Each structure stands twice: as structure tokens, then as C-alpha cells.
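To start, the structure itself, in C-alpha cells.
The values are calculated or read from the model by the stated rules, or taken from the named source; none is laboratory data. Only a predicted model underlies this, so the values are computations on that prediction, with no experimental measurement involved. Cβ placement follows ideal geometry from the backbone for every residue including glycine, while neighbour counts extend to all protein chains displayed.
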Amino acid sequence: MRHTLFIILFALSSCSNQKPQEDSSHQSKEMDNTSNIEYALVIHGGAGTILKENLTDEYEQKYLLALEFALKTGEDILKRGGTSLEAVQASINTMEDSPLFNAGKGAVFTNAGTNEMDASIMEGENMEAGAVGGVGNIRNPINAAIAVMNNSEHVMLTGKGAEQFAKEQNLELVDPSYFHTQRRWESLQKVKAKDIGSVEEFKEYKYGTVGAVALDKFGNIVAGTSTGGMTNKKWNRIGDSPIIGAGTYANNKTCGVSCTGHGEYFIRYAVAHDISAAMEYKGMTVAEAGDYVINKKLLDAKGSGGAIVLDRFGNVAMPFNSKGMYRGFVKSNGEKEVKIFRD
Ligand code: ASP
């Protein structure tokens, strides 16, 4: 009897030990790589049919320089002890101000020939979030998303109301003509001529949404995304980028995520949250979770695009199932990468 009791007690104690053991081995696996990381920043400038043969050397150089600049701007802030919110905002602002990316200045055109932008931000420390959708006169939509998070009791504002809020917040407003670029105008004419509608045709269309995820010296993760959406969009269509859990997500317990791709799929598959959930519920690493959601679940559903993922130990993943993704990261230990094509 005493012997049986001993066996039961032993079995119970080893059962109750099992989970923490699994957890700690998973964590140390992550921490071993990057235990000395004080801060990290990962960015994307959109995923799509980005092939070497489709990009002139001149444009390739322009994109690489713009990505380097966005990384350096954010890193300077993190290095001197700034917050991940400040770094994400500054980094995204540089890409919003560049005509190269489909966000801010370089936003794509709607079917009606206007520009309607979406953006969102989330803080992993406290699960605070803010977003704007369908705005047409705010120079840096990510700043409006941050103002919604910090200065309103709401999470998402859209259209005229969001523009009115931005005005009251003294954010920089511009005439809608500021967003007119010849390159995007020509894309609209091309897309209209082909009347892009099917998924296959959509895949051929180049994206350019921007996003950033940062980890600061305080251990906080922030993720942000900003976009002009989809060329030729109609009926005030809004994609995944301003939707928390679809295009953007952050949780200090797991990771920060910013997505880019065919928004309708990212909304229905709650991609950004799904990556975080795979880490939380399945104990996956950033690399495993990103790969599982982007290259398995989303790909099986025929959804095209990618994501950037960063955890609190500074582990980075940049999975995509399209031909290419403008992307890069930098860490406090000097590790750095900037890439466009698959390799
Ligand atoms: N996800 C964006 C949207 O569907 C587009 C993109 O990432 O390029 O609005």
C-alpha cells in the first residue's frame, strides 16, 4: 500500500513538473541565441511579386537605401534608450514619407482616383491599440493611429471622423494632391485595363505596405503597420492593416507582428494574432509560428503575403509566401540584414 502511494505521488510530482520543464527548455532555446539582446527592430516595406527581373538596379538601390534609412532612424532611438513606440513611429514615418512604399506619400489609388489610407499600432506591454481606416488627408497615418491609442477611448476611427480627430490632435494635414505620384497613377491605369479581380491576378500585383516591430531596453514590444491598401479598391474597402489581430498585433508575452499581403485573407485568418497564439498555446518559437501561419495555413488557403515577427528576447522571423518582401532587421549585438528577394 505504502509502495503504491509512493508510485502515485511520484507520478503526480513528475506530471506537475512536466509543463514548466517544457516551457523553460523552449525559452532557453530562444534565449541561447540572443540572450545579450538589449533592443531590436524589424521592418517590412511590403510583400508581393518582387522579382529581380522586375526591378531595375536603380530601384533596387533606392529600396535598399530606404530600408536602411528606416532601420537606422528607429535604431538610433532604441540605442539611446527611447521606447519601442517612438522607434516604430519614426521608422514608419520615413517609409510613409518615401514615394517608394504604398503608405503615406506613395499610397496607391482607389478606383475613384483617390488615396485612402489605413494604419494601426499596438503595445505589447498593456495591450493598448489604436487604428485609422480610410483617411485621405493625414500626412502620416501611423501618427493618427498612435493618437487614437493615446488620446481617445476608442481603438479604431474611420473616414471623415478620423480626419476630424487628427485635426483636433494637431496632426499634420495635407491637401489630398500630396499623395499623387505618377508611378501609382500609372499602376491604377494598368490595373483598370486588366480589371484585376481574381486571386491569381491579385498575386501579380505589387504591394508596398510598411510595418515595424520593435523591442526596447525596457523589454516592451510595439508593432505598427501603415498602408494605402490595394490599387483599384472600391466602396471604401478597408484591408487587414488597421485591424488589430489581422494586420498588427503585439503582446509582450509572445511577440509583435506586422503583416503585408492580400488583406482579405489576413482578416479572415486573423494572421497577426494567430502567429502570437501559436507561440502562446503551442509553445512555438517566432520562426516556427511565423512559418506555420504564413507558409502553411495561409498558403493552403491561397492567401499571399508575409509578416515580420519579433519576440521579447530579440528573436526575429520574416516569413513570406510571395516571391519577395522588402524587409530588414537590426539588433543591439550588431546583427543586421536588409533583403528584397527570396535570396
Ligand atoms: N495588406 C494590405 C491590404 O490588403 C495590402 C498590402 O499589404 O500590400 O490593404
Exercise for the section: Write out, first by first residue and then by second, each pair whose Cβ atoms fall under 9 Å of each other, whose residues are 6+ apart or on separate chains, and whose first residue, in segment 256-278, is basic (Lys, Arg) while the second is away from the ligand (no atom under 13 Å from the Cβ). Expected result: Arg268/Ala301
Problem - Some residue of segment 71-92 being farther than 25 Å from Phe218 by Cβ and either away from the ligand (no atom under 16 Å from the Cβ) or touching an Asp or Glu at 6+ places or on another chain (Cβ under 7 Å) (or both) - result: no
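May I ask you to list the residues in segment 223-249 that are within 16 Å of Met122 (Cα to Cα), more than 13 Å from the ligand (Cβ to nearest atom) and more than 10 Å from the chain's Cα centre (by Cα)?
In the first step, residues of segment 223-249 are kept if they are within 16 Å of Met122 (Cα to Cα); the result is 223-227, 240-249.
With the extra rule that they be more than 13 Å from the ligand (Cβ to nearest atom), the set shrinks to 223-224, 244-245, 249.
Once the filter is applied, which keeps residues that are within 16 Å of Met122 (Cα to Cα), more than 13 Å from the ligand (Cβ to nearest atom) and more than 10 Å from the chain's Cα centre (by Cα), segment 223-249 yields Ile244, Gly245.
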Handout entry: Gly303 within 16 Å of Gly239 (Cβ to Cβ), crowded, with 16+ Cβ neighbours inside 10 Å and near the ligand (Cβ under 10 Å from one of its atoms)
Key = no
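Any residue that is of a type outside the set (Lys, Arg), in a strand (DSSP E or B), within 17 Å of the chain's Cα centre (by Cα) and surrounded by fewer than 23 Cβ atoms within 10 Å (Cβ to Cβ) - is there at least one of those in segment 110-117? First the steps, then the outcome.
Keep residues of segment 110-117 that are of a type outside the set (Lys, Arg), which gives 110-117.
Subsequent filtering for residues that are in a strand (DSSP E or B) retains 117.
Within this subset, residues satisfying the condition of being within 17 Å of the chain's Cα centre (by Cα) are 117.
So of that shortlist, the ones also surrounded by fewer than 23 Cβ atoms within 10 Å (Cβ to Cβ) come out as none.
Looking through segment 110-117, none of the residues is of a type outside the set (Lys, Arg), in a strand (DSSP E or B), within 17 Å of the chain's Cα centre (by Cα) and surrounded by fewer than 23 Cβ atoms within 10 Å (Cβ to Cβ).
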Practice task
Just give me the residues in segment 64-107 being crowded, with 21+ Cβ neighbours inside 10 Å, among the hydroxyl-bearing types (Ser, Thr, Tyr) and in a helix (DSSP H, G or I), in sequence order.
Solution key: Ser84, Ser91, Thr94
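Among the residues of segment 118-134, write down those that are assigned to a loop (DSSP other than H, G, I, E, B) and closer than 24 Å to Ser187 by Cα. Full working, then the answer.
Here is the first cut: in segment 118-134, the ones assigned to a loop (DSSP other than H, G, I, E, B) are 124-127.
Scanning segment 118-134 gives no hits.
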Handout entry: Test: residue in segment 153-172 that is buried (at least 19 other Cβ atoms within 10 Å of the Cβ) and either within 18 Å of Phe101 (Cα to Cα) or at pLDDT below 95 (or both)
Key = no
Exercise for the section: Quick one: in segment 187-222, of everything that is more than 16 Å from the ligand (Cβ to nearest atom) and under 22 Å from Gly136 (Cα atoms), which residue is modelled with the lowest pLDDT? Expected result: Lys192
